[in-house]
Amino acid sequence: MFPARLRSSTARFFALVFVLQLISGTSLLLFVRHNIGDELERNSRTLVTALRDDLVADYHQEGSQGLRELIAARISGAGSRDAAVLLDDPVGNHLAGNIEDWPPPIPLNSGWQVVTLYRVGRAEPEEMGVIATKLPDNTHLLVGHVIEDDLRVRRQTGEAMIAALLLAVPLALLGAIVATRVITMSVERIAETARRVGMGDLSLRVPVEPGVKDAFADLADTINLMLGRIEALVTELRVVTDSLAHDLRSPLTRLSATIDRASRETDDEAALSALERVGSEAGTLLAMLSAALQISRTEAGIGRDRFVSTDLGQMIEDLAEVYGPLAEERGFTLASEGSARAVVHRELVGQALANLVDNAMKYAGPGGVIRLSVTEAAGALTLAVDDAGPGIPEDQRGEALRRFGRLDPARQPGGAGLGLALAAAVARLHDGELELGDNAPGLSVRLVLPTA
C-alpha cells in the first residue's frame, strides 16, 4: 500500500499533470519525427520519380541507344552524386548504369522500395530507394536515390527526441509542481478561512480577486454567501439565547426569593418542608436552564474569540482547593497532578471540570479518591477526572453523553443529565473530544484537546 500522503488528492493531481505533460510532449516529438521522416521519403520519391520519368521520356524520343547515352551522362553529372540507375536487356545483361546486377528481391516492374545495394566504384553497400520499370522493348530500368543522408537525419532526429524527452521530464515535474501549487494555494485560502471561522471569527470571508471569474471564484462566492448566512444565524442565536436567559432567569430568581421570604415568615413545619422542596426544584430548574443555554451557545461556536493562554495545572489545583472542603465533608479525597499550558476558553474548561468533579462526588461512593490530572503527549492535551465509583457500562456511555441522559438505576437519581453533555460541547468547541473510560474501578472522564 502507498503511504497516505501519496494517496492524497494533491499527489494524484500532481501525478496527473506530470503524466499528461509527458504524454503531450512525447506525442509532439513523435509527430515531428514522423513528419520529418515522411518529408524526407517524399523528397526522395519525388527525385527518383522525376529521374525515372525523364529517362522514360528520352527512351521514347531517342530509343534504347539514346537512353544508354543519357544514363551515362546523368550518373556522371555533378548534380547526380546520389543517383543509382541500371538498364538491363530482357535476359538480364547489363546495358548501362552504375549498378552491376539486378537485385533479386526487386520485381521487374514495381513501385517504391528501400534496398541495400552496391554502386559501381563504391566499396560499401548503401541504402537507397528504388523504382523498377519495364520498357516497351522488354528492357528493364531501375532508378534509385541513395538515402543514407536521410537515414542519418532520422537517426539524429531520434537522438534529439530522446534528449528532448530527458529534458522534458524535469520541465514536466516543474510544471506539475507549479500547477499543483497554484491549485493548492487556492484551496488553502478557502481552508484557512474556514478554519478561522470555525475558531469563532465569523466576520472572515474567502478572499476573491476582482475581475477573476473561474471555478474557485465561484466557490469562494458561494462559501462567502454561506458564511454570511451563518454569521447572521449565530448573531441571531446570541440575541435569542441572551434574551431567553434573561427573561427566564428573572422570574425564576424572583420565585426563589419569594420562597426564601415565605420560609422565613412561616413556622408551619409542613409548609416549610414544602417550600424547601419547591425552592430546591426552582434551583434545579435554574441550573438546567443555564446549562442548556450554555451548551447551545458552545455548540454554536460562541466563545472561540475568548480563548487565552491558560495554566491548566494551576486550574486543576484551584479546583481541588475549592472543592476540597466539600469533598472531605462527603468522605472523598481530592488530588491533582500534572502541569501544562494551552490556549483555551478558561471559564468553559473550568466549568466543565467543575461539573465532572461534581458528578464524581455525586455518583462515586464515599471514601474513594477523586483525581484531577493534566498530561500532554502526541500532540494532544488530556484533562482527566478519575473516580472510584461504579463507573458507566461501555454500552451506556453514548447515552450518558446525550443531553438529559439518565442512567438509572446504574447511577443515583438526581441532576439534570447535562454535566457530561456540557463537557462534551466544550471539548468540541476546542476541536477535541470527551472520552469515557474504565478506571478499574470507577469512571475516567478525559477531556482530550489538540495542542495546536
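The values are calculated or read from the model by the stated rules, or taken from the named source; none is laboratory data. Everything numeric in this text was worked out from a predicted model, so none of it was measured. Every residue, glycine among them, receives a Cβ derived from its backbone with ideal geometry; neighbour counts consider all protein chains shown. Quick note on the areas: whole protein, heavy atoms, side chains included, nothing else; ligands and nucleic acids left out. Shrake-Rupley method; radii C 1.70, N 1.55, O 1.52, S 1.80 Å.
Could you compute how fast segment 305-450 diffuses translationally, taking Rh as the Kirkwood radius over C-alpha pairs and applying Stokes-Einstein at 10 °C with viscosity 1.306 mPa s? Give it in µm² per second. Walk me through the intermediate numbers first.
Working: Rh = 15.2 Å.
Answer from the Stokes-Einstein relation: 104 µm²/s.
Could you please state, rounded to a whole Å, how far the C-alpha centre of segment 328-343 is from the C-alpha centre of segment 14-80?
95 Å
Where a ≥ b ≥ c are the square roots of the eigenvalues of the C-alpha gyration tensor, would you call segment 37-165 rounded, which needs a/c under 1.5, or, failing that, prolate if a/b is larger than b/c, or oblate? Spell out each step's value before the answer.
Working: a/c = 2.15, a/b = 2.05, b/c = 1.05.
It is prolate, given that a/c is not under 1.5 and a/b is the larger ratio.
Would you please report the Å³ per residue occupied by the convex hull of the alpha carbon atoms in segment 74-131? Intermediate values should be presented prior to the final figure.
Working: hull volume 5.3 nm³, N = 58.
Per-residue hull volume (Cα only) is 92 Å³.
Output wanted: per-residue J couplings in Hz (rounded whole) for segment 66-77, from phi through Karplus 6.51 cos²θ - 1.76 cosθ + 1.60, θ = phi - 60°, x for Gly and Pro.
For segment 66-77, the Karplus-derived couplings read x, 5, 4, 5, 5, 4, 4, 5, 5, 6, 9, x Hz, x marking Gly and Pro.
Using the Kirkwood radius over C-alpha pairs as Rh, can you work out the diffusion coefficient of segment 49-98 via Stokes-Einstein at 4 °C, viscosity 1.567 mPa s, in µm² per second? Walk me through the numbers on the way to the answer.
Working: Rh = 11.1 Å.
D = 117 µm²/s.
Taking only Cα atoms, what is the 0 to 90° angle, nearest 10, from helix 346-363's long axis to the longest principal axis of the chain?
The two axes meet at around 60 degrees.
Can you tell me the dipole magnitude for the chain around its Cα centre, using point charges on the Cβ only (Lys, Arg +1; Asp, Glu -1), in Debye to the nearest 20?
Result for the chain is approximately 400 debye, rounded to the nearest 20.
In whole percent, and with a 1.4 Å probe on the protein chains, what portion of the accessible area of segment 81-144 is carbon and sulfur? Write out the running numbers ahead of the final one.
Numbers: 1540 of 3020 Å².
Exposed carbon and sulfur together represent 51 percent of the surface.
Please give the net charge around Ala340, taking every other residue with its beta carbon less than 13 angstrom from that of Ala340, where Lys and Arg add +1 and Asp and Glu add -1.
Residues close to Ala340 contribute a combined charge of -3.
Once amide H atoms are placed 1.01 Å from N in the peptide plane, what residues at a sequence separation of 5 or more from Ala380, or on another chain, have their amide H within under 5 Å of its amide H?
Thr451
Residue-wise, which Karplus ³J(HN,Hα) couplings in Hz belong to segment 316-325, taking 6.51 cos²θ - 1.76 cosθ + 1.60, θ = phi - 60°, and x for glycine or proline?
Calculated HN-Hα couplings, in order: 6, 5, 5, 4, 4, 5, 5, 8, x, x Hz.
May I have the extent of the alpha carbons of the chain along their three principal axes, as whole Å values ordered from largest to smallest?
Answer, in whole Å and largest first: 155, 49, 36 Å.
Could you work out how far helix 148-198 tilts from the main Cα principal axis of the chain, as a 0 to 90 degree angle to the nearest 10?
Once rounded, one gets 10 degrees.
Using bins 5 angstrom wide from zero, how does P(r) for segment 106-147 break down, in % of all Cα pairs?
Once binned at 5 Å, the Cα pair distances of segment 106-147 give 6, 24, 26, 21, 14, 7, 2.
With unit charges on the beta carbons (Lys and Arg positive, Asp and Glu negative) and the dipole taken about the Cα centre of the chain, which residue among Asn359, Ala282, Phe332 sits farthest to the positive side?
Sorting the options by dipole projection puts first Ala282.
To check my understanding: the extent here is largest minus smallest coordinate of the Cα atoms along each principal axis. What are those three numbers for segment 82-236, in Å, largest first?
109, 33, 25
Where Lys and Arg each count +1 and Asp and Glu each count -1, what net charge lies around Arg181 among other residues with Cβ under 14 Å from its Cβ?
0
Subtract the Cα-Cα distance of Thr116 and Glu265 from 0.36 nm times their separation in residues, and report this length gain in nm to one decimal.
40.7 nm
³J(HN,Hα) across segment 29-35 via Karplus (A = 6.51, B = -1.76, C = 1.60, θ = phi - 60°), whole Hz, x for Gly/Pro?
5, 5, 5, 5, 4, 5, 5
Using a 1.4 angstrom probe, figure out how much accessible area the chain has per residue, in square angstrom, rounded to the nearest whole.
Value returned for the chain: 56 Å² of accessible area per residue.
Multiplying the sequence separation of Leu95 and Asp38 by 0.36 nm and subtracting their Cα-Cα distance, what value in nm do you get? Before the final figure, lay out the partial values.
On the way: separation 57, 0.36 × 57 = 20.52 nm, distance 3.36 nm.
Extra length from Leu95 to Asp38 when fully extended: 17.2 nm.
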